[in-house]
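> Below you will find the structure I want to go over with you.
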There are 2 protein chains.
Amino acid sequence: MTTMTTVSEAKAFGGTQGVYRHASTATGTDMTFAVFVPAHEAGERLPVLWYLSGLTCTHANVMDKGGYARACAEHRIMLVAPDTSPRGEGVADDPAWDMGQGAGFYVDATEAPWAPHFRMRTYIEDELPALVAAEFPVDMGAQAITGHSMGGHGALTIALRHPDRFRSCTAFAPIVAPSQVPWGEKALGGYLGQDRAAWRAHDAVAMIEDGARFPDLLVDQGEADNFLAEQLRPDLLATACADAGIDLTLRMQPGYDHSYHFISTFMADHVAWAAGRLRNTV
Amino acid sequence: MTTMTTVSEAKAFGGTQGVYRHASTATGTDMTFAVFVPAHEAGERLPVLWYLSGLTCTHANVMDKGGYARACAEHRIMLVAPDTSPRGEGVADDPAWDMGQGAGFYVDATEAPWAPHFRMRTYIEDELPALVAAEFPVDMGAQAITGHSMGGHGALTIALRHPDRFRSCTAFAPIVAPSQVPWGEKALGGYLGQDRAAWRAHDAVAMIEDGARFPDLLVDQGEADNFLAEQLRPDLLATACADAGIDLTLRMQPGYDHSYHFISTFMADHVAWAAGRLRNTV
């Protein structure tokens with residue numbers, strides 16, 4: 001177990017919004033993450049909602065702009081927001097913003113120059129949950145996951161891989177089929193190599209085609225999102241879910257773009273969706 | 001009337017969050033401000049809440065972190081968030097963050113080197129309201145004002161100067177008596193000169209002592225605010241209001257600091273306070 005240090009803590013909506021740092025064995029770098037812990041009774045263990053961020057983001061974007069604290073306080077749910085990649089000197093990077101630092105795509109890279117540090121799957125699926133379980137008042141038997149864009153890809157693929165771990169999965173404007181869109185082709189090709197068969201385990205639509213299941217999904221997608229037609233393609237998820245019998249609630253939201261103005265507008269709905277499944281009230 | 005250009009617009013909570021820029025005649029610089037316009041009927045004129053920001057801030061801090069859009073959409077109230085000073089090359093500045101660019105203190109400077117551009121009183125009281133009235137679907141007969149820290153000082157002093165213009169005034173951790181605290185002594189001394197008699201028209205406590213009145217005020221103040229004892233001194237406002245018969249609701253909030261975690265927690269209360277007075281429901 002690595003040692004966690006507190007970067008900052010502030011009271012918010014009756015709870016505590018913190019930022020923490022630890023030396024990750026998965027990535028071989030320091031990693032920073034944000035946690036909101038709502039007000040709770042002594043000894044109480046709280047359900048947890050994981051929020052995975054999109055391209056270029058750190059833990060801070062959703063903490064500053066996501067507007068989750070009111071809803072998480074109301075439903076007494078913890079929220080954990082990890083970073084999107086390893087960072088720092090000695091960590092590989094790409095000149096573009098859609099690969100490398102800030103763009104880990106939640107996979108364990110097998111290819112040079114990424115393999116030494118870009119192990120975000122192991123970090124998000126194994127190492128950080130163990131740290132959170134040890135350091136926070138959390139009920140790891142009650143987990144939900146969500147995310148935005150690249151983080152929506154992360155949420156969908158991780159939930160499909162671990163349907164027994166997560167009781168709820170939602171996404172904001174997710175990349176649903178990275179194997180079929182430019183962002184994903186570049187990232188999965190770079191991190192995992194050019195054998196597209198290896199990509200299917202990191203592509204929500206392909207995972208569903210290959211038999212992965214989740215009880216139900218909520219996806220919000222802005223119709224004015226500049227990335228909708230080329231990169232996000234919720235139609236591909238709708239088809240895959242229909243063919244597989246997965247209960248997908250896909251809400252096309254007129255006028256909304258890809259920004260945190262969109263995310264914050266619908267955040268309370270996603271927290272409520274998670275709360276219903278975490279509290280077994282739906 | 002200056003020409004306004006749109007920097008950005010995005011749909012949020014059913015309305016539009018915009019950022020706009022114009023060439024200010026008051027400051028002699030380009031000025032940027034944010035406006036949230038909630039969903040409304042064609043031809044409807046909306047009440048407006050002015051939010052004045054604190055030291056170091058621009059229009060963007062409260063737009064990103066303030067969490068007002070949900071409450072403003074619910075109450076159908078516009079929100080305008082101006083910048084805190086003129087900025088740019090050729091504009092005087094101070095090496096510290098508590099004076100100069102980002103720290104205009106909502107006064108018209110009379111002293112060198114500030115006088116040419118630091119005319120934030122005229123900008124906030126006259127020029128920007130005229131622009132907002134011309135460009136947005138606003139009912140200028142229904143205005144409220146609030147602010148944080150230096151912006152709370154701005155909100156209190158402007159409301160006390162114009163009790164017939166504003167139906168509501170609230171503040172988050174305001175500077176209530178700049179003449180009596182280090183931030184204010186530096187800023188008012190620099191902008192207005194060393195004759196302290198000239199400061200009284202820009203000091204909420206002194207204005208109340210000198211006869212200014214407002215029907216009622218709401219102030220939230222975090223008890224864990226590092227600036228509470230030296231710079232903010234809500235006790236001085238409480239005494240002045242008690243002596244003057246002004247109905248002050250001062251809420252000391254245990255555990256909260258000076259950050260936007262504090263502001264966002266209580267933002268909905270301040271919007272509701274304003275809404276009650278703008279809609280004549282309290």
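Taken together, the values in this text are just the output of simple stated rules run on the coordinates, not laboratory data. The structure displayed is predicted, hence computed values, not measured ones. When we count neighbours, we look across all protein chains shown, and the Cβ atoms used for this are built from the backbone with ideal geometry, even at glycine.
> If one computes P(r) from the Cα atoms of segment A:49-192, what percent of pairs lie at distances over 25 Å?
24
> Any idea what the relative contact order of segment A:1-53 is, in percent, if you count C-alpha pairs under 8 Å spaced at least 6 apart?
28
> Could I ask something else about it? Using a 10 Å cut-off around each Cβ, can you sort A:HIS59, A:HIS22 from fewest to most neighbouring Cβ atoms? Walk me through the numbers on the way to the answer.
Details: A:HIS59 23, A:HIS22 18.
Listed from fewest to most nearby Cβ atoms, that is A:HIS22, A:HIS59.
> Run the label-point distances for A:ALA244 please: 7 Å along Cα to Cβ, every other copy, nanometres, shortest first.
Spacings between copies for this position, smallest first, are 6.5 nm.
> How would A:PHE105, B:PHE227, B:PHE36 line up from fewest to most surrounding beta-carbon atoms within 10 angstrom?
In increasing order of surrounding Cβ atoms, one gets B:PHE227, B:PHE36, A:PHE105.
> Let me ask something additional. Would you give the gap between the C-alpha center of segment B:7-42 and the C-alpha center of segment A:194-211, rounded to a whole Å?
Taking the Cα centre of each part, segment B:7-42 and segment A:194-211 sit 44 Å apart.
> Taking the Cβ of each residue in A:VAL132, B:VAL271 as the centre, tally the other Cβ atoms inside 10 Å and list the residues starting with the fewest.
Starting with the residue having the fewest Cβ neighbours, the order is A:VAL132, B:VAL271.
> Mind checking the dipole of chain B: about its Cα centre, +1 per Lys or Arg Cβ, -1 per Asp or Glu Cβ, Debye to the nearest 20?
It comes to approximately 560 debye.
> Still on this model: Tell me the mean residue ellipticity at 222 nm calculated for chain A from its helices only (DSSP H runs of n ≥ 4, each -39500 (n - 2.57), averaged over every residue, nearest 500).
-8500 deg cm²/dmol
> Report the calculated FRET efficiency for A:GLU223 and B:ALA42 (r = Cβ-Cβ distance, R0 = 22 Å), to the nearest 0.05.
0.50
> Can you list which of the DSSP-assigned H helices in chain A have a Cα extent of 20 Å or more along the long axis and an average Kyte-Doolittle score of at least 0.0?
A:260-278
> About its Cα centre, how strong a charge dipole does the protein assembly as shown have in debye, to the nearest 20, once Lys and Arg get +1 and Asp and Glu get -1 at the Cβ?
800
> Same structure again: Tell me, what ³J(HN,Hα) does each residue in segment A:75-80 have, in order and in whole Hz, if you take phi through Karplus 6.51 cos²θ - 1.76 cosθ + 1.60 with θ = phi - 60° and put x for Gly and Pro?
8, 6, 10, 6, 10, 10
> Given Cα pairs under 8 Å that are at least 6 residues apart, what percent is the relative contact order of chain B?
It comes to 17 percent, rounded to a whole number.
> Let me ask something additional. Based on Cα positions only, what radius of gyration and what Dmax would you give for the protein assembly as shown, in angstroms?
25.3, 79
> When a/c reaches 1.5 or more, the comparison of a/b and b/c decides; with that in mind, is segment A:70-120 rounded, prolate or oblate per its Cα gyration tensor?
prolate
> When a/c is below 1.5 the answer is rounded, else prolate if a/b is larger than b/c, else oblate, so apply that to segment A:159-282 with a ≥ b ≥ c taken from the square roots of the Cα gyration tensor eigenvalues.
Values: a/c = 1.93, a/b = 1.20, b/c = 1.61.
Since a/c reaches 1.5 but b/c is at least a/b, the shape of segment A:159-282 is classed as oblate.
> Using only alpha carbon pairs under 8 Å that are at least six residues apart, calculate the relative contact order of segment A:213-282 and give it in whole percent.
41
> Write down the Å³ per residue value for the convex hull defined by the alpha carbon atoms of segment B:1-105.
112
> Using the per-residue mean of other Cβ atoms lying within 10 Å as a proxy for protection, in what order, highest first, do the peptides B:119-126, B:75-82, A:162-169, A:79-86 fall?
A:79-86, B:75-82, B:119-126, A:162-169
> Work out the mean other chain Cβ neighbour count within 10 Å for the residues of B:253-263 and drop it here as an integer.
4
> Any idea what the A:GLY43 label distances to the other copies are, label 7 Å down the Cα→Cβ vector, nm, shortest first?
Sorted ascending, the copy-to-copy spacings read 6.4 nm.
> Would you work out which of A:THR249, A:HIS40, A:LEU192 lies farthest towards the positive end of the dipole of chain A? Charges go on Cβ: Lys and Arg +1, Asp and Glu -1.
Among A:THR249, A:HIS40, A:LEU192, the one farthest towards the positive end of the dipole of chain A is A:HIS40.
> Cα-based Rg of chain B per 2.2 N^0.38 Å, rounded to two decimals? Kindly include the intermediate steps, with their values, before the conclusion.
Details: Rg = 17.4 Å, N = 282, 2.2 N^0.38 = 18.8 Å.
It is 0.93.
> In nm, one decimal, shortest first: how far is the label point of A:THR122 (7 Å from Cα along Cα to beta carbon) from the matching points in the other copies?
Spacings between copies for this position, smallest first, are 6.5 nm.
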